[in-house]
Amino acid sequence: LLNHMLRPIKILQEKAAEISRGNYHARIPLKTTNKTNRQNPINNRKDELTSLSLSFNEMAQAVECHMKEIENQSEQRKMLLSALNHEMKTPVTSITGYSYVLLHSKLAEEQQKEALFYIDSECRRLERLSGKLNQLISLDYMQTETPEEKQHISAATLTQSIQQILTPIAEKYGILFHIKSEENACFVGDLDLYLMLITNLFDNARKASASMIQISIAPNCIAVKDNGNGIPQDKLAKVIQPFYQGDDSRNTEGFGLGLALCEKIARIHGANLKIESELGIGTTVMMLF
């Protein structure tokens, strides 16, 4: 009788031991009452042990989900570090080469200036890369804000901030820049992150040789449309991956981090990032709520 009564506890002990050994799929079998399940000492009980078994299974499910999330994050960071290592090789090699020439060779003043200019350019490129990576990692660790901490952002506030940031850049590069905003649009979240998303999309469009960029602000959508080079259809799904630069719209000025940042910002705000593009016509990137 004691063995029969203690059997459910032994099962709990065995499953807990399995999880401790790394088998996160372990569960206590709990099924409805029928003839085939009578041999399971927990199946047909309606007492504290059944409740404990249900709680154990819920805990095991939560642990398994958490471990999968950790494994995915670890894999993503490995890929990010590998891509970063590849991305840094070119500027570091150039800086090392020019530095060696300056230290060990006699160069004309014009050649020295050219070498120093190139070293300065590559150092600034590494600085921009570092900044982008810091933003990307910061978004990975960002915690969900409480309702009291979230900002309510009106379309007018967002429009004014965008104009202040992007109008001088548009004038500098000769880009026709226009904002189409609906007055009743209002967003909840972080204004700086919204601006980061829009400026990254604007910068991507500029690098894609766009001469016209339109930003649309509606209650359920923020969109940036350009008439740049466009992205091939078979590469649309890959462009949000960090360091991906496989499409013709990018040049050596970028790192392939802009859309990865935008995708994370959209996800933090409970939105989806949708990209529509056609080669030679242009690209539209939408943050859909």
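The values are calculated or read from the model by the stated rules, or taken from the named source; none is laboratory data. Values in this document were obtained by computation on a predicted structure and should not be read as measured data. Neighbour counts run over all protein chains shown; Cβ positions are idealised from the backbone, glycine included. Accessible surface areas use protein heavy atoms only, side chains included; no ligands, DNA or RNA. Shrake-Rupley method; radii C 1.70, N 1.55, O 1.52, S 1.80 Å.
Observations
- In the assembled protein chains, ASP192 presents an accessible area of approximately 110 Å² (probe radius 1.4 Å).
- Theoretical gain in end-to-end length, LEU1 to HIS25 [0.36 nm per residue, Cα-Cα removed]: 5.6 nm
- A probe of 1.4 angstrom, applied to the heavy atoms of all protein chains, finds ILE265 with accessible area near 0 square angstrom.
- Unsatisfied cross-links (Cα-Cα over 32 Å) in the set LYS113/LYS207; LYS68/LYS180; LYS106/LYS207; LYS180/LYS264; LYS113/LYS225; LYS68/LYS238: LYS68/LYS180; LYS106/LYS207; LYS113/LYS225
- Sequence of SER209, SER74 from largest to smallest accessible area, 1.4 Å probe: SER209, SER74
- If you sort CYS262, CYS186 by accessible surface, 1.4 Å probe, largest first, the order is CYS186, CYS262.
- Most to least packed among 199-206, 211-218 [average Cβ atoms within 10 Å]: 199-206, 211-218
- Heavy-atom SASA rank of LEU2, LEU259, LEU30 (probe 1.4 Å, accessible area, largest first): LEU2, LEU30, LEU259
- In the assembled protein chains, TYR98 presents an accessible area of approximately 80 Å² (probe radius 1.4 Å).
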